[in-house]
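J.: I'd like to ask you about the structure that follows.
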Amino acid sequence: MANRGPSYGLSREVQEKIEQKYDPELESRLANWIIVQCEEQIEPPPPGRQHFQTWLMDGTLLCKLINSLHPKGNEPIAKISESKMAFKQMEQISQFLKAAEIYGVRTTDIFQTVDLWEGKDMAAVQRTLMALGSLAVTKDDGCYKGDPSWFHRKAQQNRRGFSEEQLRQGQNVIGLQMGSNKGASQSGMTG
């Protein structure tokens, strides 16, 4: 965590808006999922944004989490370091983020390393973990552990095929989006 003084003015207002997006209930659900998914005896963090940040900050839990979403022997992060050095911990967070992107989490849903490391935007960390959980539930490849109701299942592709005749028939129909003059007249209009 960086030693920064208090922010004032517009910077403070922006930081307060970011902090309002953090969800304490979601924090406990995500912590429970990480514990269940990693299948280890991990102590849950005490409630609170700072404790959640400290719990995830070294990157080891995040790396174990992404590895647990892959079949044994096919883990994306081969070596997880328990180092206390800051640059090693930040490197592990970066490895998690790269592995999450390869897993299928959209780039727009992925937080920046400093969001977690400095605690700048813990809501972004929550969004990334939610997107990862939703993707794991949606893939349904047997690697997800936990209650499927914890995350939303993402919509799957639903391709539709139309014959040439159906497409031609559709060209003759005026869609309601285009408007209609059915029942419209200028009666009663005065100049």
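J.: For segment 81-92, enumerate the residues that are open to solvent by 30 Å² or more (accessible area, probe 1.4 Å) and closer than 17 Å to GLU118 by Cα.
T.: Here is the first cut: in segment 81-92, the residues open to solvent by 30 Å² or more (accessible area, probe 1.4 Å) are 81-82, 84-88, 90-91.
Scanning segment 81-92 gives LYS84, MET85, ALA86, PHE87, LYS88, MET90, GLU91.
J.: Filter segment 124-143 for residues that are over 10 Å from the mean Cα position of the chain (by Cα) and of a type in the set (A, V, I, L, M, F, W, C); which is modelled with the lowest pLDDT? Steps first, answer last, please.
T.: Residues of segment 124-143 that are over 10 Å from the mean Cα position of the chain (by Cα), as a first pass: 136-143.
Right, trim to of a type in the set (A, V, I, L, M, F, W, C) and you get 136-137, 143.
Numbers: ALA136: 89, VAL137: 89, CYS143: 82.
Among those residues, the one meeting the criterion is CYS143.
J.: Of the residues GLN95, GLN156, which single one is touching a helix residue (DSSP H, G or I) at 6+ places or on another chain (Cβ under 8 Å), assigned to a loop (DSSP other than H, G, I, E, B) and open to solvent by 60 Å² or more (accessible area, probe 1.4 Å)? Before you say what the answer is, go through the steps one by one.
T.: Working: GLN95 fails: assigned to a loop (DSSP other than H, G, I, E, B).
Exactly one of GLN95, GLN156 is touching a helix residue (DSSP H, G or I) at 6+ places or on another chain (Cβ under 8 Å), assigned to a loop (DSSP other than H, G, I, E, B) and open to solvent by 60 Å² or more (accessible area, probe 1.4 Å), namely GLN156.
J.: Answer with yes or no whether LYS154 is closer than 23 Å to THR54 by Cα and at pLDDT below 90.
T.: No, not satisfied.
J.: THR128: surrounded by 20 or more Cβ atoms within 10 Å (Cβ to Cβ), assigned to a helix (DSSP H, G or I) and among the hydroxyl-bearing types (Ser, Thr, Tyr), yes or no? Show your work before the answer.
T.: On the way: surrounded by 20 or more Cβ atoms within 10 Å (Cβ to Cβ): yes; assigned to a helix (DSSP H, G or I): yes; among the hydroxyl-bearing types (Ser, Thr, Tyr): yes.
So THR128 fits the description; yes.
J.: Still on this structure: Give segment 98-115 a look and list any residue that's in contact (Cβ under 8 Å) with a residue 24 or more places away in the chain and assigned to a helix (DSSP H, G or I), or say none. Spell out how you get there, then give the answer.
T.: The first filter runs over segment 98-115 and keeps only residues in contact (Cβ under 8 Å) with a residue 24 or more places away in the chain, leaving 99-100, 102-106.
Answer for segment 98-115, where residues must be in contact (Cβ under 8 Å) with a residue 24 or more places away in the chain and assigned to a helix (DSSP H, G or I): ALA99, ALA100, ILE102, TYR103.
J.: Can you tell me which residue among ILE102, ILE110 is surrounded by 15 or more Cβ atoms within 10 Å (Cβ to Cβ) and either at pLDDT 90 or above or not hydroxyl-bearing (Ser, Thr, Tyr) (or both)? Write out each step before concluding.
T.: Working: ILE102 fails: surrounded by 15 or more Cβ atoms within 10 Å (Cβ to Cβ).
Criteria check complete, one pass: ILE110.
J.: If you take the residues of segment 7-40 that are modelled with pLDDT under 75 and outside any helix (DSSP H, G or I), which of them is least open to solvent (accessible area, probe 1.4 Å)?
T.: SER7
J.: Oh, and also: Quick one: is LYS17 among the basic types (Lys, Arg) and more than 19 Å from ALA136 (Cβ to Cβ)? Don't jump to the end; show me each part of the working.
T.: Working: among the basic types (Lys, Arg): yes; more than 19 Å from ALA136 (Cβ to Cβ): yes.
Answer is yes for this residue.
J.: For GLY175, indicate whether it is at pLDDT below 90, under 29 Å from SER68 (Cα atoms), surrounded by fewer than 10 Cβ atoms within 10 Å (Cβ to Cβ) and not hydroxyl-bearing (Ser, Thr, Tyr).
T.: Details: at pLDDT below 90: yes; under 29 Å from SER68 (Cα atoms): no; surrounded by fewer than 10 Cβ atoms within 10 Å (Cβ to Cβ): yes; not hydroxyl-bearing (Ser, Thr, Tyr): yes.
It is false that GLY175 is at pLDDT below 90, under 29 Å from SER68 (Cα atoms), surrounded by fewer than 10 Cβ atoms within 10 Å (Cβ to Cβ) and not hydroxyl-bearing (Ser, Thr, Tyr).
J.: Considering only residues that are touching a residue at least 60 places away in the same chain (Cβ under 8 Å) and in contact with a Leu (Cβ under 9 Å, 6 or more places away or on another chain), look in segment 41-80 and name the one that is most open to solvent (accessible area, probe 1.4 Å). Break it down into steps so the answer makes sense when it comes.
T.: Residues of segment 41-80 that are touching a residue at least 60 places away in the same chain (Cβ under 8 Å), as a first pass: 49-50, 52-53, 56-57, 65-66, 68-71.
This time we only want the ones that are in contact with a Leu (Cβ under 9 Å, 6 or more places away or on another chain), so: 52-53, 56-57, 65-66, 69.
Details: PHE52: 0, GLN53: 3, LEU56: 0, MET57: 33, LEU65: 1, ILE66: 0, LEU69: 1 Å².
Here the answer is MET57.
The values are calculated or read from the model by the stated rules, or taken from the named source; none is laboratory data. It should be emphasised that the depicted structure is a prediction, and the values quoted were computed from it without experimental measurement. Neighbour counts are summed over all protein chains in view; Cβ atoms, including those assigned to glycine, are modelled from backbone coordinates with ideal geometry. Keep in mind that these areas ignore ligands, DNA and RNA; they rest on the heavy atoms of the full protein, side chains included. Shrake-Rupley method; radii C 1.70, N 1.55, O 1.52, S 1.80 Å.
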